[in-house]
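Reading through the structure tokens given below for one structure.
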Amino acid sequence: MTDKFKIWLLTPVGKTIIFVASVILSGILCSAFVTEITGQGKLRWTYFYKSYSFYAIIIYIIILYFYNKFIYVKEKDIMMFLDQDYCKAYIKSRSLPAMMTKYEEMINQGQTSNELVEIQSQLEDLMK
């Protein structure tokens, strides 16, 4: 899936369209299933495994499961950013490698100890 499509799935319009389509599709599949296993005015449950719509319902359920799992994972990731401790840890995990590369280059170039003190203060600020 493209990133634009993934983002679209998370929008209210995307969720609404998927919901409406799933309701319509489930109604069609269930009606087709009942029609296929009905004979002479009676439901014949012993024929359910011969019905194509039964397998279509199974496939539909699997697709719906993966869609809902995708939405759950994305919303859970978004909700994690409401936690201040998580945000701090995320920023540290993203900032530290870049800072370390920069400071390693400064040390290799023979920067003076005054600049290294600045490095230490920046690291302390990041850890707060």
Could you run through the range 51-74 and say how many residues are without any contact (Cβ under 8 Å) to a residue 24 or more places away in the chain and more than 20 Å from LEU25 (Cα to Cα)? 2
Which of the residues belonging to the range 1-45 are loosely packed, with under 12 Cβ neighbours inside 10 Å, assigned to a helix (DSSP H, G or I) and among the polar types (S, T, N, Q)? THR16, SER31, THR35
For the range 74-87, how many residues meet the condition of being within 8 Å of the chain's Cα centre (by Cα) and surrounded by 10 or more Cβ atoms within 10 Å (Cβ to Cβ)? 2
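Read the figures in this text as sums done on the coordinates, not as results from a lab. All figures in this text were calculated on a predicted structure; none of them were measured in a lab. Glycine also receives a Cβ, built like all others from the backbone with ideal geometry; neighbour counts cover every protein chain displayed.
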